[in-house]
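Undergrad: Pasting in a structure now, in structure tokens, and then I'll have a few things to ask.
Rule-based calculations on the coordinates, nothing more; no lab input. Quick caveat, the model's predicted, so the values are computed rather than measured. Counting neighbours? That spans all protein chains shown, and the Cβs are built from the backbone with ideal geometry, glycine included.
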Amino acid sequence: MPPATLFLNGRVRTSCDGEPVAALVVRDGTVVGSGDAGSMRSVAGAGAEIVDLCGATVLPGLIDTHPHLLHFGAFTYPLVDVADAASHADIVARIAARAATMPAGEWIMTTPVGEPHYFLRRSYRDLAQGALPDRTVLDRATDRHPVMIQAWAPVIPNVCALNSPALGRLGISRDTPDRVANVWIEKDAYGEPTGILRGSVNNYYTNDEFMNGLLREVPILDPAAVLPGTIRAMGEYNRLGVTTVYEGHAMGDLEIGAYQALRADGALTVRVLTALEAESYGLPWTHPLSMAEFMEHLERALATRDRGDDLLRHDGVTLSRGGPCWPGFLRMHRPYTGPYGDLTNGVTFVSEEKEIAALEFCARRGLRLNFIGAGDRDHDEFLANAEICAHRHPDVRARAWILQHVFFLTEEQARRYGALGFHATTSMSFSWGKGDLFLARVGEQVVEHLIPLRRMLDAGMTVACGTDWGPKNVFEHLQLALTHRFAVSGRSNLGPAQRVTRAEALAMWTRDAARALRWEGIGALGAGDHADLIVVDRDPLTCALDDLPATQVIRTVLGGRTVYDGEAL
């Protein structure tokens, strides 16, 4: 029998509710028991490794049900990191250092400046110069490589920057019109492009054919970066206390294949559940699918399904029809203000015919369906079609299908989803990062329905949470679940539809997240559960609310194996 590990001299919370205990015993990747220190010493037996918690708290490992771990990891891995740059000189120095290592003519891509992915607490506006560097500044870093500072923030108009070789490579010159589609090309007093592009210049969800054409000429995704980028990102998530992730949005064959390769190499440091996207859109290279292609994706999702592994599982297909608010894609009944002042009801990327086909396929073939619902048109159309499907296939109500995102949800919509047996994965990211945007563009009337955690629980839905676009600190998300504060204005939309307890908020990252993923043995630390645990410097259920975001993860353990050690024990 392998030796046990005994955690003691701290607080052990084996679940999101109940009283803490004094000690925990782990053996061979599994929780053996928990209780008082004396009895757990006996359970651990002679030769056990003793972990002195020194007053710290043990929690179940955190489960992020919407991280985009692979996506963000792959996107950022090859980039010059200028996120924390303080000035143009900083940016020039970092690009020049990369240029010294690369053959002439190869693209040098950088991150945006600021805190991803909303860039609200810090952005390029906080540079000493208050603006991005233009081509004359970037040319000082290198005139032998095309350079691009990318635009990621979910806001339009946005801004990106290019140096002279990049302008030349993309065919942007004094002869290019000052505006092409919804891209404005800044020019100096002599009519020469400055390298600053404004408008619909984001990497994704631009729906601007001119900008998408430019982006197809730029290496915004390097396939060679997917594996190392994901490995690095897993380490970052381990440092934040995450031991399981659900990659259930925008996952294609490349992304799922990458996780399979990492599993084969023994490189996974988180448990992963994936679901294949039925139809992708919003990126420069995506295109609408024919109905035959769409159905083939559903068949592939079914063929990929595999829940037998302890670290990597595949289960389900994800259907999305609309998009976010900032480019004017959010599907709403009532017209709202688009990015350039025009009124819009949103954009439908995937037809209702395909929605009905996906519902029928999943009901008949037993495939788990994920639906990304954000605006009220999304919900009302989907619910009507899902209820017709459930009438034909009554066992759908026991399938535990998943509703993702959930920007707005009325009481009646929540009741109907609950009656259909849906689980939900949502994110405080959407109120924190987009609450002020919704107020400005959509109107005051939606605020009471924004991220209604209590409403979904009361409707009988299992509710899980994810970080999505950030903040990436889960303990800040726990605070936001209690405050519902918007990042820019500081306003809170906390009301009867939103209010939850701290234990309920933690459950959305542990016990209830595990239930939403249908993954037994995680999300709690009962006897027989996987030894997925974290050690933190305070008890998130009792510390001051203002102190929650400052919680530090000291150690992260996956199946009894330490995957992050802050060396504080």
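Undergrad: Report the residues of segment 76-103 in range of a label on Thr286: point 7 Å along Cα→C-beta, backbone N strictly under 18 Å from it.
TA: Within reach of a label on Thr286, which here means backbone N under 18 Å from a point 7 Å along Cα→Cβ, segment 76-103 contributes 76.
Undergrad: If the chain between Glu412 and Ala224 were fully stretched, how many nm would it gain, using 0.36 nm times the residue separation less the Cα-Cα distance?
TA: Using 0.36 nm per residue and subtracting the Cα-Cα distance, I get 63.0 nm.
Undergrad: Sticking with this one: Can you give the helix-only mean residue ellipticity at 222 nm for the chain, where every DSSP H stretch with n ≥ 4 adds -39500 (n - 2.57) and the sum goes over all residues, rounded to the nearest 500 deg cm²/dmol?
TA: It comes out at -9000 deg cm²/dmol, rounded to the nearest 500.
Undergrad: Here's something else I'd like to know. Give me the distance in nm between label points sitting 7 Å out from Cα along the Cα-to-Cβ direction at Ile50 and Glu293, one decimal.
TA: Result: 6.4 nm between the two label points.
Undergrad: Suppose a student asked you for the relative contact order of segment 229-376, using Cα pairs under 8 Å spaced at least 6 residues apart; what percent would you report?
TA: 20
Undergrad: Helix 88-99 sits at what angle to the longest principal axis of the chain, using alpha carbons and giving 0 to 90 degrees rounded to 10?
TA: The answer is roughly 80 degrees.
Undergrad: Would you work out the relative contact order for segment 223-522, in percent, from Cα pairs under 8 angstrom that are 6 or more residues apart?
TA: Relative contact order here is 12 percent.
Undergrad: Could you list Lys354, Lys187 in order of exposure, starting from the residue whose Cβ has the fewest other Cβ atoms within 10 Å?
TA: By the 10 Å Cβ count, ascending, the order reads Lys187, Lys354.
Undergrad: What angle, in degrees between 0 and 90 and rounded to the nearest 10, separates the Cα long axis of helix 226-239 from the longest principal axis of the Cα atoms of the chain?
TA: 50
Undergrad: A further question follows. Multiply the residue gap between Ala264 and Ser87 by 0.36 nm, knock off their C-alpha separation, and tell me the result in nm, one decimal place.
TA: Length gained, Ala264 through Ser87: 59.4 nm.
Undergrad: Now for a different question. Based on the mean of other beta carbon atoms within 10 Å per residue, what is the order of 176-186, 72-82, most packed first?
TA: 72-82, 176-186
Undergrad: Here is a further query. Which order do the peptides 95-101, 11-17 come out in when sorted by mean C-beta neighbours inside 10 angstrom, highest first?
TA: Put in order of decreasing packing, that is 11-17, 95-101.
Undergrad: For the Cα atoms of the chain, what angle does the longest principal axis make with the long axis of helix 253-264, in degrees from 0 to 90, nearest 10?
TA: Value to nearest ten degrees: 40.
Undergrad: For P(r) over Cα pairs in 20 Å bins from 0, in percent, one of (i) 20, 52, 25, 2, 0; (ii) 18, 30, 16, 9, 12, 9, 3, 2, 0; (iii) 20, 55, 24, 1 was computed from the structure I shared and the rest are decoys. Which label?
TA: Matching entry in (i) 20, 52, 25, 2, 0; (ii) 18, 30, 16, 9, 12, 9, 3, 2, 0; (iii) 20, 55, 24, 1: (i).
Undergrad: Below 8 Å between Cα atoms, with a sequence gap of 6+, how large is the relative contact order for segment 92-157 in percent?
TA: Taking the mean separation of contacting Cα pairs over the length of segment 92-157, I get 46 percent.
Undergrad: Going highest first, how would you order 262-270, 533-541 by mean Cβ packing within 10 Å?
TA: Put in order of decreasing packing, that is 533-541, 262-270.
Undergrad: Shifting gears a bit: Which lysines have a Cα lying under 27 Å from the Cα of Lys434, excluding residues fewer than 8 positions away in the same chain?
TA: Candidates past the 8-residue exclusion: Lys472.
Undergrad: Also, quick follow-up: Can you give me the C-alpha center-to-center distance between segment 259-284 and segment 100-134, rounded to a whole angstrom?
TA: Distance between centres, Cα-based: 28 Å.
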